[in-house]
1. Build a GNM of the chain with springs between Cα atoms under 10 Å: which of Thr144, Thr122, Thr79 gets the top mean-square fluctuation?
2. Rounded to whole Hz and in sequence order, give me ³J(HN,Hα) for the range 145-156 from the Karplus expression 6.51 cos²θ - 1.76 cosθ + 1.60, θ = phi - 60°, writing x for Gly and Pro.
3. Collect residues whose amide H, placed 1.01 Å from N in the peptide plane, falls under 5 Å from the amide H of Met116; neighbours closer than 5 in sequence don't count.
4. Return the aspartates and glutamates within reach of Lys99: Cα separation strictly under 16 angstrom, same-chain partners fewer than 8 residues apart disregarded; answer none if there are no such residues.
5. Rounded to whole Hz and in sequence order, give me ³J(HN,Hα) for the range 166-178 from the Karplus expression 6.51 cos²θ - 1.76 cosθ + 1.60, θ = phi - 60°, writing x for Gly and Pro.
6. How large is Rg/Rh for the range 4-185, to two decimals, with Cα atoms and a Kirkwood Rh?
7. Need the list of aspartates and glutamates near Lys39 for cross-linking: C-alpha distance under 19 angstrom, and skip anything on the same chain fewer than eight residues off.
8. Go through the range 1-109 and name the trypsin sites (Lys or Arg not before Pro) that are in a DSSP coil and have 15 or fewer other Cβ atoms within 10 Å of their Cβ.
Amino acid sequence: MTHPSMTLIAEALADRRIATLRYQFPYMERGSKRTDPPKVCHATVRAAVAEASRLMSGVPLFAGGRSFGGRMTSQAQATAPLESVVGLVFLAFPLHPPKRPSGERAQHLFDVNIPMLFLQGTRDELAQMDLLEPLVENLGPNATLVLASDADHSFHVPARTGRKDADVRRELLYAMGSWMKKLVDG
């Protein structure tokens, strides 16, 4: 949760008057590279959402995360709705392992009944566009895809594009803020 990219995202959202609650999964707390079982991750997501709800009572909540955290959040939501959460936001949803394209990791998304926003780089090795774009389309009106041209899984863009990573981050966070506002304002 203290990774520089997470800190930059939280600070940029704060500048847009969007509060964030960052947390870590137990395996990260232990310093382990091996992830916790999904059941533990889902319980961690639920605990974080409950704490956010307690701290910001009456404020519309959005849950999600970056990569694995986003996938664990969507799985938790698919299993049983997260209390007070009105939408899910995924920063670089990990659709499949690198070089092993598949849509299996996404099947639970069809059980999510709230709006979802996918913020994704077009060069993301964990989400091939020829799989992700049809998936989002098949999810229907509850799913929105915002693409960062030439960005990878970390939202890094090559220098040859003439853009900087900060430009990509700014574009994606603007899209996120606009999407959230639209949902909250109805």
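We did not get these values from a lab; they are worked out from the coordinates using the rules stated. As the structure is a computational prediction, the values presented were derived from the model and not from experiment. All Cβ positions, glycine included, derive from the backbone under ideal geometry; neighbour counts span all protein chains shown.
1. Thr79
2. Each residue's phi maps through the Karplus curve to give 10, 10, 9, 9, 4, 6, 7, 9, 5, 9, 6, 8 Hz.
3. Amide H neighbours of Met116, under 5 Å, 5+ apart: Leu88, Ala143, Thr144.
4. Asp124, Glu125, Asp130, Asp152
5. 4, 5, 5, 4, 4, 4, 5, 6, 5, 4, 4, x, 5
6. On the way: Rg = 15.7 Å, Rh = 16.7 Å.
Across the range 4-185, the Cα-based Rg/Rh ratio is 0.94.
7. Answer for Lys39, where 19 Å is the Cα cut-off: Glu29, Glu51, Glu83, Glu104, Asp111, listed by chain and number.
8. Working: sites: Arg16, Arg17, Arg22, Arg30, Lys33, Arg34, Lys39, Arg46, Arg54, Arg66, Arg71, Lys99, Arg105; in loops: Arg16, Arg17, Arg22, Lys33, Arg34, Lys99.
Sparse-neighbourhood loop trypsin sites (Lys or Arg not before Pro): Arg16, Arg17, Arg22, Lys33, Arg34, Lys99.
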